[in-house]
Amino acid sequence: MRLNDVVQFAFHALHGYRTRTILMLLAMAIGVASVIILTSLGEGARIYVTQQFSSLGTNLLIILPGKSETTGGAPPMMGETPRDLTLRDVMAMQKSRYVRQLAPIVVGAAPVSYRQLEREVMILGSTASLLEVRQLSMLKGKFLPEGEMTRSSSVCVMGYTLQKELFANQSPLGEWVRVSDYRCRVIGVLEEEGMSLGTDMGDVLIIPVASAQSLFNTESVFRVLIEARSPEVMTRAEKDIINIIRTRHDGEDDITVLSQDALLNTFDRILTALTYSLGGIAAISLLVAGIMIMNVMLVAVAQRTTEIGLLKALGAPRQLIILLFLTESAFLSILGAFLGLVIGFSGNWVLQQYFPDFPFEAPNWALWAAVAVALGCGLLFGLLPARHAADLDPVQSLSGR
Amino acid sequence: MISLEHINRTFKVGDELVHGLDDVSLTLNDGDYASIMGPSGSGKSTLLNVLGLLDQPNSGTYTLNGDDVTQFTELQQAKVRREKVGFVFQTFHLIPRLTAAENVALPLTLAGVDHAEREQRVRDVLASLSMTDRSHHRPDQLSGGQRQRVAIARAVVTNPLLLLADEPTGNLDHASGIEVINILEALNQRGITLLLVTHDAELGKRADRIIRMVDGKVLP
């Protein structure tokens, strides 16, 4: 039998039993579509997180006071109180030749009030370098002035949301606001930005670091963001800073240095694993679709017993019967996979309209894997019914009915 | 030439061994017209199935055109069925989703004959059975007699040596039955060997030779 005749015969058969064809296509399509949508979610999460970290700047080091041990072992008996990271430590770090600029950060929450309006927001104490290190941009006015970081001064910069809440449409520049019992003059407003690493940069008040320290009555610094001279010197910068702190802290390594790279790699690994497992879960639905194809094909064989007997009487050998039924399953799988791709991509498109910030993009491997598994399942699970058909006794199949 | 020598075919029904064919020997020359008659369960259909290679005898030799076809592999037997044997069934066995022409073309399609030749041969055979105007109808749009004519067209479109008809008039009214028998006889006139299984004594008598069967044995 010629190949195009085989294909045509299978197509006729699928066309002839429309309900079962549509049901099987649907099962296959849902399987493939769910692989695509679920892996897109995983992959989207990965891309989203990566983008979030990239927005921090590429040669960024984050210094935390205290040593985070991740090597395991029993926790220490005595509570280890890390030595505070002070502004003096920060100034020492700034002398490293690998550091282009750095921004210490002191964080706290306090109510900010202007006339009768009051709003509880996050207060960030930092220096002029924060603007560049965090890649912030100004809507109006100026950022914190350059100068000695130990000197406090009564100026502040507002996030966009805070400004809207306290001043509505009025310009806040030059106005005085009150933060607990500290008063400062607004000198600038940040550009409206989305969330960045979980911090809403719209709802903050930024004041000089020394002012923040006196406001929250602390000597220590919460974080130090360091921008290295170039991505190549990141590891040297990291070592250098650890050395500086060790000499200042009596030989103890009591800071933790996070590089953006390390963070990214960790998240990348976690989220890739997540994508794989989502893909695996979706693959189960493909498998179910495959088993459904097997079931329905077995029913089809039972329904078409006389037809199979007839084909044998007309001289179709075993292999040809197998080929005919396998072609039918292959057809179903291919059409189902195609339909699934269409549904999957439309689904992604619809989701994208609802969540424009989140990238819905199916990874390439998922596309290939979904289609390959669909075809594999169709053929594998089509084989049993096909062999069943080929093994039918023609005399009995023709005498039925 | 067809010859059966000491053919036995037994079936197991429960614990009992039933002799479908019991030491059957038979010779048919090319162009013969024979009817096989006998009560139900006498082995008429089994004989037809063995002749058509749909059923395998337990013992004995079946020689078709000089070849011992009982020794053939499944693939070779399929080829013999495809090229040398045509079947006509009581219930027609047309594929309902295919048109009359497509049903007739089926053996040629299975044999891998190319499209143009297929069309030509199907047209010719349908024309010879005056079914040209029905060629694009599906089986459910045809009368019983027309369906059997399509089935006959399908059986002879490959120009077989042997035409096996199992109660071809069993599902037809008298007039269509006669019409079908006339067609089969006309085909026999043109040289095909015709074997007809029937209950109907009147139809059976029309054959040149009557093979009577009882309990799996051919009566002398």
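We did not get these values from a lab; they are worked out from the coordinates using the rules stated. Since the structure is predicted, the reported quantities are computational estimates derived from the model, not experimental observations. When we count neighbours, we look across all protein chains shown, and the Cβ atoms used for this are built from the backbone with ideal geometry, even at glycine.
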**Q.** B:GLY20 long-range amide H proximity, modeled H, under 5 Å
**A.** B:ARG9, B:THR10, B:PHE11
**Q.** Highest-MSF residue in chain B out of B:ILE36, B:ILE192, B:ILE95 [GNM, Cα springs under 10 Å]
**A.** B:ILE95
Q. Which residue, B:ARG147, B:ARG134, B:ARG190, tops the fluctuation ranking in a GNM of chain B built on C-alpha contacts under 10 Å?
A. B:ARG190
(Q) Can you find, among B:LEU172, A:PHE143, B:ILE183, the residue sitting farthest towards the positive end of the charge dipole of the protein assembly as shown, where Lys and Arg contribute +1 and Asp and Glu -1 at Cβ? (A) A:PHE143
Q.
Let me make sure I get this right: for region B:112-199, a, b and c are the square roots of the gyration tensor eigenvalues over alpha carbons, sorted descending. Under 1.5 in a/c it's rounded, otherwise prolate if a/b > b/c, else oblate. Which is it?
A. oblate
Q. Looking at A:GLY159, A:PHE355, A:TYR17, which one has the Cα that reaches farthest to the positive end of the dipole of chain A (charges on Cβ: Lys, Arg +1; Asp, Glu -1)?
A. A:TYR17
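If you place +1 on the Cβ of every Lys and Arg, -1 on the Cβ of every Asp and Glu, and leave all else neutral, what size is the dipole of region A:83-253 about its Cα centre, to the nearest 20 Debye?
460
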Q. So what J values fall out for region B:120-131 if you push phi through Karplus, 6.51 cos²θ - 1.76 cosθ + 1.60 with θ = phi - 60°, rounded to Hz, Gly and Pro as x?
A. 4, 5, 5, 4, 4, 5, 5, 5, 5, 9, 6, 10
Q. Which residues' amide hydrogens lie under 5 Å from the amide hydrogen of B:ILE211, considering only partners 5 or more residues apart or on another chain, with H built in the peptide plane?
A. B:SER35, B:ILE36, B:MET37
Q) Between B:GLY38, B:GLY14, B:GLY204, which gets the highest mean-square fluctuation from a Gaussian network model of chain B, Cα cutoff 10 Å? A) B:GLY14
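Net charge within 11 Å of B:ARG9 by Cβ-Cβ distance, Lys/Arg positive one each and Asp/Glu negative one each, not counting B:ARG9 itself?
Neighbourhood net charge equals -3.
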Q: Taking the Cβ of each residue in A:LYS164, A:LYS140 as the centre, tally the other Cβ atoms inside 10 Å and list the residues starting with the fewest.
A: A:LYS140, A:LYS164
Q. Per q in 0.10, 0.14, 0.16 1/Å, what log10 I(q)/I(0) does a Debye calculation on the alpha-carbon atoms of region A:83-253 return?
A. -0.39, -0.73, -0.91
Q) Taking amide H positions as placed 1.01 Å from N in the peptide plane, with prolines and chain starts having none, which residues 5 or more places from B:GLY112, or on another chain, fall under 5 Å of its amide H? A) A:ARG2
Q: Hand me the tally of lysine pairs in chain A: alpha carbons under 22 angstrom apart, and the pair either on different chains or 8 or more positions apart.
A: 4
**Q.** 3J(HN,Hα) from dihedral phi, region A:121-132, Karplus parametrisation 6.51/-1.76/1.60, rounded to Hz, x for glycine, proline
**A.** 9, 7, 9, 10, x, 7, 10, 4, 5, 4, 3, 7
Q) Taking Cα centroids, how far is region B:6-60 from region A:369-401 in Å? A) 31
Q.
Using Cα-Cα distances under 8 Å and only pairs 6 or more residues apart, what relative contact order does chain A have, in percent?
A. 30
(Q) Can you give me the angle between helix B:174-189 and the longest principal axis of chain B, using Cα atoms only, in degrees from 0 to 90, rounded to the nearest 10? (A) 80
(Q) For chain B, take the longest principal axis of its alpha carbons; what is the angle in degrees between that and the long axis of helix B:74-84, to the nearest 10 within 0 to 90? (A) 60
Q) Can you give the angle from 0 to 90° between the axis of helix B:100-111 and the longest principal axis of chain B, with both taken from C-alpha atoms, to the nearest 10? A) 60
**Q.** region A:83-253: relative contact order in percent, alpha carbon pairs under 8 Å with at least 6 residues between
**A.** 33
Q. If each residue's Cβ is checked for other Cβ atoms within 10 Å, how do A:LEU339, A:LEU61 rank with the fewest at the top?
A. A:LEU339, A:LEU61
Q) What are the radius of gyration and Dmax of the protein assembly as shown, computed over its Cα atoms and given in Å? A) 43.6, 129
Q. Mind checking which helices in chain A clear 30 Å along their axis (Cα) and have mean Kyte-Doolittle hydropathy of -1.0 or more, DSSP H runs only?
A. A:18-54, A:260-303, A:318-354, A:364-390
**Q.** Volume of the Cα convex hull of chain B, divided per residue and given in Å³
**A.** 130
Q: Give the calculated FRET efficiency between A:GLU192 and A:LEU384 to the nearest 0.05, with a Förster radius of 60 Å applied to their Cβ-Cβ distance.
A: 0.45
Q) In what order do A:TRP349, A:TRP365 fall by count of nearby beta-carbon atoms within 10 Å, going from fewest to most? A) A:TRP349, A:TRP365
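Estimate the FRET efficiency between A:SER113 and A:SER346 by the formula 1/(1 + (r/R0)^6), using the beta-carbon distance for r and 51 Å for R0, to the nearest 0.05.
0.50
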Q) In peptide B:104-111, what is the residue-averaged number of other protein chain Cβ atoms found within 10 Å of each Cβ? A) 5
Q | J(HN,Hα) series, region A:206-222, from Karplus relation 6.51 cos²θ - 1.76 cosθ + 1.60, nearest Hz, glycine and proline x | A | 9, 10, x, 4, 5, 5, 5, 4, 6, 4, 9, 6, 9, 9, 8, 10, 6
**Q.** When the convex hull of its Cα atoms is projected in every direction, mean area for region A:333-383 (nm²)
**A.** 3.5
